[in-house]
Amino acid sequence: MSGAAELLLAVRGVETYYGNIVALRGVDMDVHRGEIVTLIGANGAGKSTLMMTICGDPRARKGRIVYDGMDITQMPTHEIVSHGIAQSPEGRRIFPRMTVMENLQMGAALVDPDHFDKDIEKVFKLFPRLKERIAQRGGTLSGGEQQMLAIARALMSRPKLLLLDEPSLGLAPLIVKQIFDAIRELNEKEGLTVFLVEQNAFHALKLAHRGYVMVNGVITMSGTGAELLKKEEVRAAYLEGGRH
Amino acid sequence: MAASNTNAPTSDVTPVGAQAEAEAHRLPPAPANNPHSLAASVRDAAIAAFLAGVLGFFFIGVRTDIAPGGLDLRMRWGAWIVSILVVFAGRLLLNIFVWKTDKPITRRVKTGSGGMSETVSKTLKYALLAFALILPFFFTTFFPGKDRQFIDLAILIMTYIMLGWGLNIVVGLAGLLDLGYVAFYAVGAYSFALLAQYLDFGFWLALPLAGLLAATWGMILGFPVLRLRGDYLAIVTLAFGEIIRVVLLNWYEFTKGPDGISGIPKPTFFGLELKRGEGGFADFFGIAYDPIHRFIFLYYIILALALITNLVTMRLRRLPIGRAWEALREDEIACRSLGINTRNTKLTAFAIGAMFGGFAGSFFATRQGFISPESFTFLESAIILAIVVLGGLGSQIGVVIASVVMIGGIELLRNLGFLQQVFGSGFDPVQYRMLIFGLAMVLIMVWKPRGLVSTREPSAVYKEKKRIGADMVAQGEGH
């Protein structure tokens, strides 16, 4: 990663509330083009909230979010997505009664249909298993396949920035590895910028170029993945016992 | 990935070797005291009958009447014995066919491979369509005495099919539980009736306007409920349906309130009225006048309207908007994260569903010739919703089956006069229609919780391109 990379996403002093409850207390974060950035933290730290705030649901009450030179803080979600931010939300949220094919079509809802055939072959190359399951209903897939589908669906929108919320949630270590390998491949071969929210700190920090640690709605630490992995506080809080 | 392998289509492979042995072990020889034997079933039924006799003795066997100076006890042995016999027979039949048998009739019939059932359902669809097309002539040929009644019933059923298909867009596809669908039906009916009364509009001119007005009202309802889902949405739509009805009821100067509007014009056949005498349809074509012509004509109008509804829905399902509706039903948050404008998606579902309701309403007005707010009560909404839910949410053919069964079934009750010989002369099966209706719903929901037709046809299939590149052949994958 060259240090002079272009800034793709800048989060500045963002505060988000659920009603009167504060979830983010002034978050600053940068994602450069071509980077994998991870955000780690405990349950309820506000990781997912930050990701959802980037997508405009909920909106930030204070602060600014600039993406690719555009202020997207007040934009409606569907417009933000149309500018090239794709999200694989927490808990996968695939469409269970629709087939894998239809799920992927939904991912490509905003894209010129001419790209569809090429794009679908691309995601099949990344996740060959989805091709086998193409006519199956989303709800009948295994957890790992559903996660693959959620990522593939997000990729169908031809994103410049991919937001992934806990792709390792509830999956066997082998599948987690497959999925993280796919993310790395996307980043290395396609130059896709990835923002990864994870609880699985060890794997996430190993994968990411840079990482942020969030505690109670504020970023407490940042650095390269390797730096954070070495830090005593990170090890104590997020890795002990979790490492294998 | 062990879990995923269970989804692999290996079930039709015959077990071999060790697997076959394991299967054999799973079926032990019948024990001496087989719980599935006939004797056990009879014993069980006898116990049930005994219990029914004990419990029912005071409820059924003894009747109290108010007599001068107190109560008069009367024994009803006949009724008591009949009830015991009914319990015995019912329990025995259930035992034999459902509970204590090796092959219960309720066990899911093994569905064939996807291709097979698809052909069956396709054939059924075309057979139904063909029958619908020739239906009036079928009745005039084979039931000349009762053709009017039958065609009238067919028109009624077809109206409900159309309403069901319209509501299916909102509830079945977009997943927005709408309890006030009858409001759009009313808007359509009153639009035509009022346009005809005040501006002398004919049916064909008023039809698109009525659809448009209903669609507008669909949007008006849609806006405030955009953020609501599930139960909350249902309550608000229910209220909306009632508001429309109450306004129609109380705006006396404009809608004539409870008196209703009468003299609504009949549709014309390209300018020809279906009337007796000079200038009428029969006169123009040089055939003898017969009042049945008008029924046949009305039938074909509603058939055409219903088919348009179906074609539009089927077409929309394959377009991005239809897919977005279904995705919205599945998961609204995921939809938003994929860049779907959920507001517009919901509004289009409401508007298009309402539009078809409006068309059906106009047809209803012209068919009846008279409308009043009484025709648009909550019960209508409930029946239409029941048709959609019983048919299987999102299933077009399910709506047809449910309409025929429910609307046709209620009408059928009127023709069960022979039951009076069984239950006494005061017995009127029509009085029990709501009871039967409810019972049918409970039974269907127990046996088929997802409705009669619960399979969902994918809106798109992946067409694999057979590309045999040199690299694939080299690896031996070029099959």
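FYI, it's all coordinate maths here, none of it is from the lab. From a predicted model like this one, the values you see are computed outputs, not experimental measurements. Using ideal geometry, Cβ is built from the backbone for each residue, glycine included, and neighbour counts are taken over all protein chains shown.
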Legend entry - For the range A:157-164, 3J(HN,Hα) per residue [Karplus equation, 6.51 cos²θ - 1.76 cosθ + 1.60, θ = phi - 60°, Hz, x = Gly/Pro]: 8, 6, x, 8, 10, 10, 9, 10
Inset, instruction - Report the chymotrypsin sites (Phe, Trp or Tyr not before Pro) located in the range B:354-444 that are in a DSSP loop and have at most 15 other Cβ atoms inside 10 Å of their Cβ, or state none. - result: B:Phe418, B:Phe427
Legend entry - Amide H partners (placed H, <5 Å) of B:Gly392, local residues excluded: B:Leu452, B:Val453
Inset, instruction - Check the straight Cα-Cα distances from B:Lys275 and name the aspartates and glutamates below 15 Å, setting aside those fewer than 8 residues away within the same chain. - result: B:Asp283, B:Asp290
Inset, instruction - Mind listing the long-range amide H neighbours of B:Thr268? Cut-off is under 5 Å, sequence gap 5 or more, other chains count too, H placed in the peptide plane at 1.01 Å from N. - result: B:Phe203, B:Trp204
Inset, instruction - Anything over 23 Å Cα to Cα? Flag those among A:Lys47/A:Lys231; A:Lys131/A:Lys206; A:Lys160/A:Lys230; A:Lys47/A:Lys125, in the order listed. - result: A:Lys131/A:Lys206; A:Lys160/A:Lys230; A:Lys47/A:Lys125
Legend entry - Of B:Val54, A:Gly63, A:Ala154, farthest towards positive along the dipole that unit charges on Lys, Arg, Asp, Glu beta carbons give the protein assembly as shown: B:Val54
Inset, instruction - Identify the residues of the range A:52-74 with backbone N under 18 Å of a label point that sits 7 angstrom from the Cα of A:Glu6 along the Cα-to-Cβ direction, or state none. - result: A:66-72
Legend entry - Full-extension gain in nm, B:Trp447 to B:Phe423, via 0.36 nm per residue minus C-alpha separation: 5.7 nm
Inset, instruction - Work out the length of the dipole vector of the range A:176-244 about its Cα centre, built from +1 on the beta-carbon of each Lys and Arg and -1 on the beta-carbon of each Asp and Glu, and round it to the nearest 20 debye. - result: 120 debye
Legend entry - Under Karplus coefficients 6.51, -1.76 and 1.60, residue-wise ³J(HN,Hα) of the range B:161-170 in Hz, glycine/proline x: 4, 5, 4, x, 5, x, 5, 4, 4, 6
Legend entry - Label point distance in nm, B:Lys125-B:Ile243, each placed 7 Å from Cα along Cα→Cβ: 3.8 nm
Inset, instruction - Calculate the dipole size of the range B:319-374 relative to its Cα centre from +1 charges on Lys and Arg beta carbons and -1 charges on Asp and Glu beta carbons; express the result in debye to the nearest 20. - result: 140 debye
Legend entry - Residue-wise HN-Hα coupling along the range A:16-22, computed from phi with Karplus coefficients 6.51, -1.76, 1.60 (Hz; x: Gly, Pro): 10, 10, 9, x, 9, 8, 7
Inset, instruction - List the residues whose amide H sits under 5 Å from the amide H of A:Thr193, counting only those 5 or more places along or on another chain, with H placed 1.01 Å from N in the peptide plane. - result: A:Gly34, A:Leu162
